[in-house]
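First the structure, in the form of structure tokens, and then the observations on it.
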Amino acid sequence: MLSADFGNLQRDIEMLNASECDWLHVDVMDGLFVPNISFGQPIVKHIKRHAKKPLDVHLMIMDPGRYVEDFKNAGADILTVHYEACTHLDRVLHSIHDHGMKGGVVLNPHTAVCLLEDIIQECDLVLLMSVNPGFGGQKFIENTYNKVRQLKELCLRKHPECLIEVDGGVNLQNAPLLFEAGADVLVAGNAVFKSDDPAATIQQMKQ
Ligand code: ZN
């Protein structure tokens, strides 16, 4: 949603409702964990009001455990928090589940997949950042393919139901390679909203 037209949010959400996309991915930034500030709970509530698909809320904020209940109330169905932003990650994931949401961990490009060894069982999904978080429209980091393969191996060994999600610089060129490497969920912003026909681009990506 970060790449949507915020002056025409309802129009863009209705386009997504009618499209083949499965979830709406919502990036919340606090200006501290990442340099930018995006938006908070009031905008998430507005998105929820019009959305007919689950909201996948990605918290790029420090100490996200403070806001689990707020984002549940704002309409999040899935809540992901950064490994780098949580002192007590296990506790935060339990809190997300206790609030009836699916929960997951996000890794920045520099954070090793092996650090998930003792938390993967608690994750409904793991989100790998394929750019440095904080801005839309960045170039895809090629090492992501290796990380997807490593994560797939870890999931198969410890928690096969865990979904692998990739976020940042995803487009029609790298999408098939990411699926091939083991990704289950791809987040696309600019590749969709900056294309001539966003719904058709989503359809192509799904194929
Ligand atoms: Zn995101």
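Of Lys53/Lys194; Lys45/Lys158; Lys158/Lys194; Lys147/Lys206; Lys45/Lys152, which ones are farther than 31 Å apart at the Cα? The partial results should precede the final answer.
Values: Lys53/Lys194 21 Å; Lys45/Lys158 35 Å; Lys158/Lys194 38 Å; Lys147/Lys206 22 Å; Lys45/Lys152 33 Å.
Lys45/Lys158; Lys158/Lys194; Lys45/Lys152, as the Cα separations exceed 31 Å there.
Radius of gyration and Dmax for segment 6-206's Cα atoms, expressed in Å?
15.8, 46
Can you give me the relative contact order of the chain as a percent, contacts being Cα pairs under 8 Å and 6 or more apart? Let's see the in-between values first.
On the way: 377 pairs, mean separation 35.7, N = 207.
Relative contact order of the chain: 17 percent.
So which residue, out of Glu122, Glu142, Glu84, gets the largest mean-square fluctuation from a GNM of the chain using Cα contacts under 10 Å as springs?
Its mean-square fluctuation being the largest, the pick is Glu142.
How much length would be gained if the chain were fully extended between Ala18 and Leu172, taking 0.36 nm per residue of separation minus their Cα-Cα distance, in nm to one decimal? It would help to have the intermediate numbers written out before the result.
Working: separation 154, 0.36 × 154 = 55.44 nm, distance 1.99 nm.
That works out to 53.5 nm of additional length.
Tell me, which longest segment in the chain has none of the trypsin sites (Lys or Arg not before Pro) that fall in DSSP loops with at most 14 further Cβ atoms within 10 Å?
53-138
Bear in mind that the values in this text are calculations on the coordinates, not laboratory data. Note that the structure is a prediction, hence the values are computed from the model and not measured. Cβ coordinates were reconstructed from backbone atoms using ideal geometry, including for glycine residues, and neighbour counts include every protein chain displayed.
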